[in-house]
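Encoded as structure tokens, the structure appears first; notes follow it.
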Amino acid sequence: MSLMRQPIRVRRPGRLLAEAAALVIAVVVAFPLYWMVLSAFKPAGEIQSTEAKPWTLSPSLDSFRRVFQQEEFGTYFLNSLIVAGTVVVASALIAFLAATAVTRFRFKFRTTLLIMFLVAQMVPVEALTIPLFFLMRDFGQLNTLGSLILPHIAFSLPFAIWMLRGFVKAVPEALEEAAYIDGASRSRFLWQILFPLVFPGLVATSVFSFISTWNDFLFAKSFIISDTSQSTLPMALLVFFKPDENDWGGIMAASTVMTVPVLVFFVLVQRRLVSGLGGAVKD
């Protein structure tokens, strides 16, 4: 019996070049993270050495001990979780309701409102820090977590609303009419039918909100002036910056600890995130 010949797959040069470029980009992106974790485990002598090596034969946990021995490190970590969690939940719910309103309803200045969402993305955060400082002072929110939560919600909403608008628009109006015919109220359609359908988009927007809030240093430094018990985790890095010599091991260890919750969040939502970003690109 003659065996059937299987076709030999030949990769095109263009595809090989694209894969090689993707590999190089991945290495370039991942190398700073690798160096951060490596420096966190290096002993002080190797960190201060003039001959930097991309490995260590004597890993140490001294840098992590110095990080966790800070008196208020646990408070900073808890404050960051509270601020980031509140911003993610609040911005997702508000953006979902707003996106539904601008997509399903026709009202005056609707197009103008959508354009303003885009314009809001063009304003740099640094330009609004001083006006926000005076606004928080007038409302008595300085040195409170509210001074961090409210601005981050405001900055997260335009992008979230614009992105969720595509997901809400993709749900056919015939589905909404069929739900009303079956006796469903508007609120029931909103939360039991529409909300699960656009949930991947909510996850995608929540990731961006979580990262920007978790890594925020500008607002934490500007609005938390005297009450350090209200500070967030990025402020813990300032302890390791000293006038005479910076504690680079402590800085890298604290940065590694800060990265862990972001990685955990990505692992938990990765499936929904891929489908959400795919839906946004398709829209």
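The values are calculated or read from the model by the stated rules, or taken from the named source; none is laboratory data. Values in this document were obtained by computation on a predicted structure and should not be read as measured data. Virtual Cβ from ideal backbone geometry, glycine too; neighbours counted across all protein chains shown. What goes into the accessible areas is simple: the full protein's heavy atoms, side chains included, and nothing from ligands, DNA or RNA. Shrake-Rupley method; radii C 1.70, N 1.55, O 1.52, S 1.80 Å.
Brief remarks on what is shown
- Any chance residue 137 is farther than 19 Å from residue 208 by Cβ and touching a residue at least 40 places away in the same chain (Cβ under 8 Å): no
- Being at pLDDT 90 or above and either outside any loop (DSSP other than H, G, I, E, B) or loosely packed, with under 13 Cβ neighbours inside 10 Å (or both) holds for only one residue in 10, 88, and it is 88.
- Some residue of the range 241-259 being at pLDDT 90 or above and in a loop (DSSP other than H, G, I, E, B): no
- Condition met for residue 200 (surrounded by 20 or more Cβ atoms within 10 Å (Cβ to Cβ) and in contact with a Lys or Arg (Cβ under 6 Å, 6 or more places away or on another chain)): yes
- Residue list for the range 21-43, filter: open to solvent by 60 Å² or more (accessible area, probe 1.4 Å) and either at pLDDT below 90 or among the aliphatic types (A, V, I, L, M) (or both): 23, 24, 25, 27, 28, 29, 33
- Filtering the range 32-70 to residues that are touching a residue at least 60 places away in the same chain (Cβ under 8 Å) and among the small types (Gly, Ala, Ser) leaves 39, 40, 44, 63.
- Evaluation of residue 244 against (1) over 16 Å from residue 73 (Cα atoms); (2) open to solvent by 20 Å² or more (accessible area, probe 1.4 Å); (3) touching a residue at least 24 places away in the same chain (Cβ under 8 Å) (one fails), failing number: (3)
- Which numbered condition residue 54 fails, given (1) closer than 30 Å to residue 193 by Cβ; (2) assigned to a loop (DSSP other than H, G, I, E, B); (3) open to solvent by less than 70 Å² (accessible area, probe 1.4 Å): (1)
- Annotation: residue 150 fulfils all but one of (1) assigned to a helix (DSSP H, G or I); (2) in contact with a helix residue (DSSP H, G or I) (Cβ under 7 Å, 6 or more places away or on another chain); (3) modelled with pLDDT of 85 or more; (4) surrounded by 17 or more Cβ atoms within 10 Å (Cβ to Cβ); the unmet one is (2).
- Hey, residue 208 open to solvent by 30 Å² or more (accessible area, probe 1.4 Å) and under 21 Å from the mean Cα position of the chain (by Cα) or not: yes
- Only residues that are within 13 Å of residue 80 (Cα to Cα) and not in a helix (DSSP H, G or I) were counted in the range 225-240, giving 2.
- Inter-residue pairs, beta-carbon under 8 Å, first at pLDDT 90 or above and in the range 213-228, second aliphatic (A, V, I, L, M) and assigned to a loop (DSSP other than H, G, I, E, B), 6+ apart: 223/142; 224/142
- The selection criterion, being β-branched (Val, Ile, Thr), open to solvent by less than 60 Å² (accessible area, probe 1.4 Å) and farther than 30 Å from residue 234 by Cβ, does not hold for residue 129.
- Residue within the range 70-81 that is closer than 30 Å to residue 117 by Cα, open to solvent by 30 Å² or more (accessible area, probe 1.4 Å) and not in a loop (DSSP other than H, G, I, E, B) present: yes
- Against the test of being open to solvent by 80 Å² or more (accessible area, probe 1.4 Å), of a type outside the set (Asp, Glu) and outside any loop (DSSP other than H, G, I, E, B), the options 134, 117, 107 yield a single qualifying residue, 134.
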